[in-house]
Each structure stands twice: as structure tokens, then as C-alpha cells.
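These notes concern the structure reproduced below.
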Amino acid sequence: MNVLIREARHGDAQLLADLTRACWAGKVAVSSSGHRETAVRVAEQLRQGGGFVLLVDREPAGSVRWRPLETKPGTWEIMRIGVLPGLRGENLSQHLLEAVIHHALANQVGELRMAVRADQPRLLDLYAAHGFEVAPELDYGDANPSEPAPTVLRKLLGAGRHR
């Protein structure tokens, strides 16, 4: 299995929207906005932040996006991470997460945040293994008010570790 991560380009908006919907199908509750992802929304998120595409044997197999938080300079939110169903169990999402972490470090970002849906608690251990900690004092601004609040995680990078 040949695995490659490449930075997403503006022209990848439709690909990322399609990947998100395919990766989340049958895995994430249908009430999640990820199931209604559009190329327009993805293009806006790529302009604000960025993304990576996971390629397995040169074929798109997953993706992730990030955007800076307007309310907290030097902080990025990681979102929409996913791997196609046929490739799960190969630890491929780890490659996407590590790519964002390294990119954030290279861009002198002090903190990464992400939200884990209440119906996805198994992901908490995966992200904890990469140094993310539960941050109960933080709220997730894009939470669906008709669902249980997600768990917000944070990872401090570089100088951000010296609170």
C-alpha cells in the first residue's frame, strides 16, 4: 500500500466534499452537516484555512481540513477528517492528523482544536494518543443545538505549551 498526503488545492473542493460524504456514510449520524457537504462550502473553508488529501495507491482515500479561529489568533480548528470505509483499520487517519500537526508547527500555530461528536467516543483515544486533551471549558461554535454537545479537544504546540 503506497500512502501519500498532498495539500488540497482550490480545484479539489468537489473532491473533498465527495470524500467527506463517502467517508462519513454509515459511520457518522445522518444529522451531521458533513453529509450535506458542498463544493462551495469546502472551497470557502480551503480559502480560510486548508486541507489535505490522502492518496492510497494514487487514488483519493480520505481528507481533512483546518481553518484558523477568528476569535483566537494562532489557533486552528481541525475538521472533517475521514477515510473511505474500505480502507478503515489501516491507521490511515493518523497520517492525515499528523500532516495537519506538522503543517501547524511549520506555520507557528500555537494550538489545535477539534470537536468529537458525542456518538463517536472511540475517537477520543485516537486523538489523545496524538497529544490532544479534553478541554471542557471550551465550547464548539458550530454545534447542532438539537444534538448532545461534542467534546472539544485541544493540543498545544510549541510556545503554546508554556501557558
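Descriptive notes on the structure:
- R0 of 35 Å, Cβ-Cβ distance residue 156-residue 6: FRET efficiency to nearest 0.05: 0.80
- Stokes-Einstein D in µm²/s, Kirkwood radius over Cα pairs - the stretch 69-117 at 37 °C with 0.692 mPa s viscosity: 272
- Percent of Cα-Cα distances greater than 26 Å, calculated over the stretch 3-162: 21
- Placing R0 at 22 angstrom, the Cβ-Cβ distance between residue 21 and residue 48 gives a FRET efficiency of 0.60 after rounding to 0.05.
- Computed over the Cα atoms of the stretch 63-147, pair by distinct pair, the Kirkwood hydrodynamic radius stands at 14.0 angstrom.
- Footprinting exposure proxy for 38, 151, 71, 20 (fewest neighbouring C-beta atoms within 10 Å first): 71, 38, 151, 20
Bear in mind that the values in this text are calculations on the coordinates, not laboratory data. Source: prediction; values computed, not measured. Virtual Cβ from ideal backbone geometry, glycine too; neighbours counted across all protein chains shown.
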